[in-house]
Amino acid sequence: MAQRPDLPVGYLGAQPKFAELGLSALSNIDSEIRTNDNQLEIKLKCKDNLKVTHQLINTRDDKDLSEFVFTQTLHGTITFIINLPESGYYKFQIFALPANDDSKSLPNVYNYLINCVRALHPVFPFPKQYAQWKDGCYLHEPLVLHKEAPLRNVFWKVIIPNAKAVAIVADGEWFHLEKKGNHFEGNSNLEPFKNKDTKITVNANFGSDESKYSTMLEYHL
């Protein structure tokens, strides 16, 4: 059984900036989480537009596993989807600032200690999130892509505010998504890129130049 790590006094829970930024815990009121599942979600409520980042650390070897966390915001709720590769203790640290603050360093606002009792599900890293993604974008699916997944007809559904066009790009091949209401959706056949260490990116055009697309997310097959 994993040993609970020693933590500094005041490390767990809300830090000074948490309430100041209008944040509140929505799903996990207790800062220590014991879970029998290695896939979980943590939700925070926020009043204003915030930019948020995170750090997931395995306390056994202090390894940074932040690629196993996916962050997104919708209707004032910040959701952290967390995949834990193995059982044991993890420190989950949340950092935030107002969206219009240009500071490069985000202050630590909340810290959890997660005790994962069993890791029954195989887990995979989430796509890399580029800076612009954090401006209110939301990914319905696919949350992960990997070579064991069905790749012949991958369905995409994504919200990217102010985007005029959205496309999936795989090794130079473009799949344009269709705008439906507040989101973009469509399908792509990624089977030809299996086992080729291909980068799959979600790209958005914001209108000033129709040929210019910004990378929002990046997967690896």
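Arrange Asp6, Asp101 by Cβ neighbour counts within 10 Å, fewest through most, would you?
Ordered by Cβ neighbours within 10 Å, fewest first: Asp6, Asp101.
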- line: A chain fully extended from Asp37 to Thr215 at 0.36 nm per residue, minus the present Cα-Cα distance, gains in nm 60.8 nm
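Which is the longest stretch in the chain that no exposed loop site breaks, taking sites as GluC sites (Glu not before Pro) with a DSSP loop state and at most 16 other Cβ atoms within 10 Å? Intermediate values should be presented prior to the final figure.
Details: sites that count: Glu86, Glu148, Glu210.
In short, 1-85.
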Cα Rg over Rh - the range 116-221, Kirkwood: 0.99
For the chain, built as a Gaussian network whose Cα springs stay under 10 Å, the top-fluctuating residue of Gly13, Gly136, Gly181: Gly181
- line: With Cα springs under 10 Å, the Gaussian network model of the chain assigns the largest mean-square fluctuation among Trp133, Trp156, Trp174 to Trp174
- request: Take every Cα-Cα pair in the chain and report what % of them are more than 30 Å apart.
  value: 29
task: Sort Lys45, Lys196 so that the residue with the fewest other Cβ atoms within 10 Å of its own Cβ comes first and the one with the most comes last.
output: Lys196, Lys45
statement: Here, Asp101 and Ser208, labelled 7 Å along Cα→Cβ, have an inter-label distance in nm of 2.6
- request: With a point put 7 Å past each Cα toward its Cβ, work out how far Ala149 is from Asp6 in nm, to one decimal.
  value: 4.2
task: With r as the distance between the Cβ atoms of Asp61 and Ser24 and R0 = 25 Å, compute the FRET efficiency 1/(1 + (r/R0)^6) and round to 0.05.
output: 0.15
query: Expressed in nm to one decimal, what extension gain is obtained for the pair His75 and Asn108 from 0.36 nm per residue of sequence separation less their Cα-Cα distance?
result: 9.6 nm
task: State the volume of the convex hull built on the alpha-carbon positions of the range 13-116, expressed per residue in Å³ and rounded to an integer.
output: 95
Per-selection metrics, the range 1-71 (Cα): Rg and Dmax in Å: 13.7, 41
message: At 0.890 mPa s and 25 °C, plugging the Kirkwood radius over alpha-carbon pairs of the range 57-107 into Stokes-Einstein gives what diffusion coefficient in µm²/s?
response: 190
message: If I stretch the segment between Lys47 and Lys180 completely, what's the gain in nm (0.36 nm per residue apart, minus their alpha carbon distance), one decimal?
response: 45.2 nm
statement: From the cross-link list Lys17/Lys45; Lys63/Lys134; Lys63/Lys199, the entries with a Cα-Cα span beyond 21 Å are Lys63/Lys134; Lys63/Lys199
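Computed from the coordinates by the stated procedures, all read-outs in this text should not be read as laboratory data. Note that the structure is a prediction, hence the values are computed from the model and not measured. Positions of Cβ are backbone-derived with ideal geometry, glycine not excepted, and every protein chain shown enters the neighbour counts.
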